[in-house]
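First the structure, in the form of C-alpha cells, and then the observations on it.
The values are calculated or read from the model by the stated rules, or taken from the named source; none is laboratory data. From a predicted model like this one, the values you see are computed outputs, not experimental measurements. Cβ coordinates were reconstructed from backbone atoms using ideal geometry, including for glycine residues, and neighbour counts include every protein chain displayed.
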Amino acid sequence: MPVRLLQTIAVFLLCLCSGLAEAGPLAGSVVGLAGQVFVDRSGQRYGLKLGDQVFVDDTFTVSADAKLKLRMNDGSVLSLASNTTLRIDAYALNSYGQRQSAVLSLGGGLIRALTAPGGQPSGFEVNTAVSTSGARSTDWFSGVLTASPQPGSRLSGAAPGTAYVVVLSGTVALTSRATGRAVPCRQARRSRCRLASPRRRGRSTPTRWSAWPPSAGPPAIQRSAAGSGRS
C-alpha cells in the first residue's frame, strides 16, 4: 500500500478518534431531518445529517423552516420545531437499557417528547430559564416563546420567554424556578396549569391556561395576579 495512502488513513483515523474523545456519552441519533440544523460540540459547530449520532453536552440549533427528530438510546423520541435551541445536559441508562435520568435545556422554541418507560427510579426533565417540566412515560410538548404571539392568537398577551406545556397523554409536572411551586399538567381538557413567565419589575408574573386537544391549537392565556397561589 502506498505510503501517502497510509498517511492519509492514519490522519483520518486520528481526527475521527479525537472528535469522539471530545464528545460526551452517546445519547441517541438523528432519525428525521429537514432544512438546516446545527450541533455545537466541544467548541465546534457542525451541520447535522440523517443517521448522525448525538451526545450528551450537544446543543442543537434548528433554523427557520427546519425540523429535527432524535431517537434517544432508551427509545424516547424528541421532535424539535423550527427556531428551536436545545441542549442535552444528561442522558443516563441502567444496565437494562432503561432510562435512569434525562435532563434537557430548552433555550427557545418548541419540542415534542414521546418518552419511553424508564427504570425505577427514572426521570425526564426539560429546563427553561423560568421553569422545569418533569415526566416519566408520556407524550407532551414543552415550549418557550421566542417572540410575541400575533394578535388573535390563543397565546396573545404572553411575553417572549414564557414557558408552556401541552400534554397529549399522561401527566407532566411544571415547576416554577421563581417559587418552587409544582403544578401537575394533565391531558384532561379542563385541567389547569400555571406557566412561569419572565420576571417583570422584579416580580414573577404567573399565567394559567387550560389544557387543549392537539387539534385545537394553543389555549387562551389568562393573566392572574402576581404571586397568586390560585391555579
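Just one of 46, 91 is surrounded by fewer than 16 Cβ atoms within 10 Å (Cβ to Cβ), on the phi < 0 side of the Ramachandran plot, part of a strand (DSSP E or B) and not charged (D, E, K, R); which is it?
46
Please indicate, with yes or no, whether at least one residue in the stretch 193-201 is modelled with pLDDT of 75 or more and not small (Gly, Ala, Ser).
No, that holds for no residue.
Restricting the search to the stretch 59-74, which residues are within 12 Å of the chain's Cα centre (by Cα) and within 26 Å of residue 98 (Cβ to Cβ)?
Within the stretch 59-74, 59, 60, 68, 69, 70 qualify.
The conditions are (1) over 23 Å from residue 175 (Cβ atoms); (2) in contact with a Lys or Arg (Cβ under 8 Å, 6 or more places away or on another chain); (3) among the aromatic types (Phe, Trp, Tyr); (4) modelled with pLDDT under 95, and residue 96 fails exactly one of them. Which is it?
The single condition residue 96 does not satisfy is (2).
For the list (1) farther than 23 Å from residue 65 by Cα; (2) surrounded by fewer than 20 Cβ atoms within 10 Å (Cβ to Cβ); (3) at pLDDT below 85, I need the number of the one condition that residue 214 fails.
In the conditions (1) farther than 23 Å from residue 65 by Cα; (2) surrounded by fewer than 20 Cβ atoms within 10 Å (Cβ to Cβ); (3) at pLDDT below 85, residue 214 misses (1) alone.
Restricting attention to the stretch 49-62, report how many residues are polar (S, T, N, Q) and surrounded by 15 or more Cβ atoms within 10 Å (Cβ to Cβ).
Number satisfying all stated conditions: 2.
Please tell me if residue 144 is touching a residue at least 24 places away in the same chain (Cβ under 8 Å), surrounded by fewer than 20 Cβ atoms within 10 Å (Cβ to Cβ) and among the aliphatic types (A, V, I, L, M).
Considered against the rule, which asks whether it is touching a residue at least 24 places away in the same chain (Cβ under 8 Å), surrounded by fewer than 20 Cβ atoms within 10 Å (Cβ to Cβ) and among the aliphatic types (A, V, I, L, M), residue 144 comes out as no.
Restricting to the stretch 74-88, name every residue that is surrounded by fewer than 23 Cβ atoms within 10 Å (Cβ to Cβ) and modelled with pLDDT under 95.
75, 76
For residue 102, all conditions in the list (1) farther than 16 Å from residue 27 by Cβ; (2) crowded, with 21+ Cβ neighbours inside 10 Å hold save one; what is the number of the exception?
(1)
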